[in-house]
4 protein chains.
Amino acid sequence: MTQDDVTVADLPSNWGRWGGDDELGTLNLITDEVRARAAAEVRTGRSVALAQVIQPVPLLSGPFAQGTFQVPPVQQLMSYTGTTRATADLMLVTNHHTSSTHLDALSHQTFEGQVYPGRPLAEAVTPAGVRHGSTATFGAGIVTRGVLIDLAADGPLPAGHAVTPDDFEAAEEREGVRLESGDALVVRGGWKYLFDGVPMPGLSEDAVRWMDRRGVSIYAGDIGDAHPPLVPDAPSPLHTVALARLGLPLIDAAEVDELAAVCAELGRYSFLLSVAPPRIHGMTGIPVNPIAIF
Amino acid sequence: MTQDDVTVADLPSNWGRWGGDDELGTLNLITDEVRARAAAEVRTGRSVALAQVIQPVPLLSGPFAQGTFQVPPVQQLMSYTGTTRATADLMLVTNHHTSSTHLDALSHQTFEGQVYPGRPLAEAVTPAGVRHGSTATFGAGIVTRGVLIDLAADGPLPAGHAVTPDDFEAAEEREGVRLESGDALVVRGGWKYLFDGVPMPGLSEDAVRWMDRRGVSIYAGDIGDAHPPLVPDAPSPLHTVALARLGLPLIDAAEVDELAAVCAELGRYSFLLSVAPPRIHGMTGIPVNPIAIF
Amino acid sequence: MTQDDVTVADLPSNWGRWGGDDELGTLNLITDEVRARAAAEVRTGRSVALAQVIQPVPLLSGPFAQGTFQVPPVQQLMSYTGTTRATADLMLVTNHHTSSTHLDALSHQTFEGQVYPGRPLAEAVTPAGVRHGSTATFGAGIVTRGVLIDLAADGPLPAGHAVTPDDFEAAEEREGVRLESGDALVVRGGWKYLFDGVPMPGLSEDAVRWMDRRGVSIYAGDIGDAHPPLVPDAPSPLHTVALARLGLPLIDAAEVDELAAVCAELGRYSFLLSVAPPRIHGMTGIPVNPIAIF
Amino acid sequence: MTQDDVTVADLPSNWGRWGGDDELGTLNLITDEVRARAAAEVRTGRSVALAQVIQPVPLLSGPFAQGTFQVPPVQQLMSYTGTTRATADLMLVTNHHTSSTHLDALSHQTFEGQVYPGRPLAEAVTPAGVRHGSTATFGAGIVTRGVLIDLAADGPLPAGHAVTPDDFEAAEEREGVRLESGDALVVRGGWKYLFDGVPMPGLSEDAVRWMDRRGVSIYAGDIGDAHPPLVPDAPSPLHTVALARLGLPLIDAAEVDELAAVCAELGRYSFLLSVAPPRIHGMTGIPVNPIAIF
């Protein structure tokens, strides 16, 4: 089947699979068995962080602070504390920023006016915050087995490449690993989210169908949905199908080069993955630094 | 020796121990051996989060948002995205807030006008952000062995109690565990940071000296420095001595009741601890959800 | 004609009156002749401010700032300037807040999906700011003759009262003044915007039709649209008809008690009115302190 | 006397002139007589705004907003209101920004650790806001006679020029006007606050002494203190002497080219000046759009 044949009725969906009130989505797939499989990966305690560094700029650009040339994901303001003993600050965070490794909550994307698993948008997302499918889902942290699918072992994916199930399965074979139900899928395409006009590769809808069949619980990658979209008028596979229909949380803009180097060095592409953003409820997304532990 | 005998010259210090440019402080104590010890704790993959839930309120209290009665650690603003397909928001975070589980960076506190390990405040902390001893220290995440010292197994500590080395060692004996160099010390006193006038218990200076002797790499607790201070005119032990002089990062306002229950259930008070706040550099502190993995 | 007879076709409108690109609305009515009439009111230079006082609370409620019990229109953060010679701060302003005297821009309200004078909402108001009908309209300041219609000379209006043209004309006769084309209408009802459950009085649709006939250029009042609405399913007269259809800027939540006292003392209910908010373009509204000069 | 002879004891000061609790400073000079003089200037109602246009950029630079290349004085965030009938936003304002026409409050600058008229800094400016000498001073608006001293009638002042009393008096003679006690001094130097390396001209200390002798109540200008300072180690005349010692409020970065054109056209360099920022108390400064009325 080609992308052209896709109709909405065909799109995979988990709406209703875990009930109409569910807020965990595919995180339901992380069973005790999956956790034990993750635990078995931990041998030396060596760890790798999967987040890009965020270097904030001062919120103030006036007479007392240096200039800046771009509004970044985090803006900082140093507080006047009335003392030189303690220092303090606050930060203004753009939760969905392409230069920030962040976790999309299930309410971030709608499908036909509804958020997972079929709640009307206006009921889930209000001017006063998110009432269903917010970052509350991630409050206890997510610990599961992670598998790196390195599609850039021989260099970055070609511009505009549509990642297919074949790409995934070729990598599994090359790496000697198999992604099981409940696992986290970590994808390396060798790209940055630059939006500089060069067509960024991304997952095809078939790739998302494959993720559904395999039981992926959570996705992280240095690539995601292609930009510009692979199929202009079709739903974007990761955000619209995986996030909104499958309830599969997405970690956008992950940094996985060091992870790939460590996996290659150890000859092992699976690990325990700990995903624990600040325990702030009610958001549509939040910055996170996922940690792979070997 | 009593608290009255303390002079500044006596206070423990790591200034210079790892050089004049060091920004890791006691995190230097987390060696490969410590990591392996942490890894050995991971058996089932069961995990516990150590952060309090933060429930933000809308930044707007105008005609379109509900009222609020307290300014919390996080204020949220739902963005107008010009579409109903995607939702987005931003958040304004007060990094040092007593209702938020957060990680203090080494620059948060000074000792005699200097931050660890002896840098002048004005050089380290500027109106445009932190140049030394910021949250950059935590960028790679912290993975080490954690040990829970549960001082509230028989109920909350008495009001105003000064926690001593004897308290720590009695707990170790009771729990059958010994805190080793490089471990994270997690303390449960059975209190909340309420500041409601009831004197909150806290660590004595001798307790901090004990932490120095044992080689604690990082501290987390539902208690910390007493409030009001145990010794009015002496430096507060955790913030001034441990954080500013030892370079020992502090996790304030941790939530450890569930952790204590799981430790008691498993008969095991040690675990792998993963501490991975968003990878945002340049701050004096940042919210975090530490994860204990068994 | 009663309110029940109103149909949309009947509603007064200035869409097209000054062209399809107009952003001034009824401010077009302020001619040289109107300005000269305003100038003639200035005799002693005595002046009265028409804004409520806004007392901000600190943005931080953490360890270094006092608590707060309500999120106000303005939140303040004192900056760390790295010096004791200069102090600085910033403020986060909720432009449309019922405790703030503010000026609504023409884009604040739509009529059937369009802003004055018939521009599609999505074209005028974008996620990146307002492109048509923003506060840019007020950049040069507004100077015109103001007339106070004091409906509360004998005490506040009754709860839920619908202000009618008869109310306006009775006040004109009592005060010996007549509102002319281009004048600013300043209304005193003797109420505060409390939203405490007591039905707040407000202008009827007939009152807005009267404003249209008389050529009011701008409205300021301590009352505005009734709350709850006078006619549940009809458009709110001031915001939907005057602002969105007539292009008549509104000053919400003005403070006019001192103005009324001065008018009574001088036996004169007309004055020069200067309305000059900060010259910030692109907003849907902005705080303002209108000044009446006698 | 040359600048080199200046000692602190010589500097003019109003500390104590209007008592130790005064928060009006030189605004005390605006008497009924001054106001009547201002009123007499109003003949046609023609008006000119003295503020630069501020074009905000979106606070969000993420996927839903356009990029930006500089952090401006005002950042905007469009609110999600849950409806298409009303639009709303908020703005984050850097009160002291060199691209914004703003009014400095008396607490903005200290002299030897004190703010006007001799209050210790820590007592006046706290982490929770300003307790003395804040923008509360401007709550009722300022209406007085304004006089334009156009030093750029024949082109911009030379780079690095130190404005002297002779410059002021030559302009008075040229314009046929005399600045009297209580008047607002509006200065045009023909410069913008660019800080591009070219030495910006500014007022000498003698110019500020002249302002003191003449009884200037408030200052506005497109130039102010020179940048870099005229005398490196001496106090900056306008901010340290006029603002901190005389209690003379300053309007930084005014836009006065249109005003100069209108004055030249009318052959009249005096007018009524209305200065009415939003009535927000407790700030160290605030954006304002001063209005000259003829």
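Condition test on residue D:88, is it in contact with a Gly (Cβ under 6 Å, 6 or more places away or on another chain), facing chain C (nearest Cβ under 8 Å), crowded, with 22+ Cβ neighbours inside 10 Å and at pLDDT 70 or above?
no
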Search result, residues across the stretch D:144-172 that are more than 19 Å from residue D:195 (Cα to Cα) and of a type in the set (Val, Ile, Thr): D:144, D:147, D:149, D:164
Matching residues, the stretch D:271-281, being within 8 Å of chain C (Cβ to nearest Cβ) and either crowded, with 24+ Cβ neighbours inside 10 Å or more than 23 Å from residue D:135 (Cα to Cα) (or both): D:272, D:274, D:276, D:277, D:278, D:279, D:280
Restricted to the stretch C:236-260, and to residues that are assigned to a helix (DSSP H, G or I) and more than 14 Å from chain D (Cβ to nearest Cβ), which residue is surrounded by the most Cβ atoms within 10 Å (Cβ to Cβ)? C:242
Tally the residues that are at positive phi and in contact (Cβ under 8 Å) with a residue 60 or more places away in the chain, restricting the search to the stretch C:113-151. 4
Selected residue (only one of D:177, D:187 is β-branched (Val, Ile, Thr), away from chain C (no Cβ under 14 Å) and surrounded by fewer than 23 Cβ atoms within 10 Å (Cβ to Cβ)): D:177
Is one or more of the residues making up the stretch D:262-270 open to solvent by less than 40 Å² (accessible area, probe 1.4 Å) and part of a strand (DSSP E or B)? yes
Please work out if residue A:246 is at pLDDT below 95, aliphatic (A, V, I, L, M) and farther than 20 Å from residue A:101 by Cβ. yes
From the option list D:79, D:134, single residue qualifying as touching a Ser or Thr at 6+ places or on another chain (Cβ under 8 Å), within 14 Å of chain B (Cβ to nearest Cβ) and buried (at least 24 other Cβ atoms within 10 Å of the Cβ) is D:79
Would you check if there is a residue in the stretch A:35-43 being open to solvent by 40 Å² or more (accessible area, probe 1.4 Å), within 7 Å of chain B (Cβ to nearest Cβ) and either within 22 Å of the chain's Cα centre (by Cα) or at pLDDT below 70 (or both)? yes
If you go through the stretch A:218-271, how many residues are under 21 Å from residue A:289 (Cβ atoms) and among the polar types (S, T, N, Q)? 1
Check on residue C:140, open to solvent by 20 Å² or more (accessible area, probe 1.4 Å), at the interface with chain D (Cβ under 10 Å from one of its Cβ atoms) and not in a helix (DSSP H, G or I): yes
Those residues that are in contact (Cβ under 8 Å) with a residue 12 or more places away in the chain and either open to solvent by 30 Å² or more (accessible area, probe 1.4 Å) or not in a loop (DSSP other than H, G, I, E, B) (or both), I need them from the stretch C:191-202; list them, please. C:191, C:192, C:193, C:195, C:198, C:199, C:200, C:202
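Residue by residue, here is whether (1) closer than 26 Å to residue D:274 by Cβ; (2) open to solvent by 40 Å² or more (accessible area, probe 1.4 Å); (3) out of contact with any Gly (no Cβ under 8 Å at 6 or more places or on another chain) holds:
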position	(1), (2), (3)
D:151	yes, no, no
D:158	no, yes, yes
D:163	yes, no, no
D:182	yes, no, no
D:204	no, no, yes
D:208	yes, no, yes
D:214	yes, no, yes
D:226	no, no, no
Mind checking which residues of the stretch A:222-235 are assigned to a strand (DSSP E or B) and at pLDDT 95 or above? A:224
Only one of these is outside any loop (DSSP other than H, G, I, E, B) and assigned by TED's automatic domain parsing to the domain that holds residue B:256: B:174, B:178. Name it. B:174
Of residues in the stretch A:103-129 being open to solvent by less than 10 Å² (accessible area, probe 1.4 Å) and either in a strand (DSSP E or B) or more than 14 Å from chain D (Cβ to nearest Cβ) (or both), the one nearest to residue A:246 (Cα to Cα): A:116
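The values are calculated or read from the model by the stated rules, or taken from the named source; none is laboratory data. Computed from a prediction, not measured in an experiment: that's the story for all the values here. A quick note on method: Cβ atoms are made from the backbone with ideal geometry, for glycine too, and the neighbour counts reach across all protein chains shown. When the accessible area is computed, the model is the full protein with side chains, heavy atoms only, and any ligands, DNA or RNA have been set aside. Shrake-Rupley method; radii C 1.70, N 1.55, O 1.52, S 1.80 Å.
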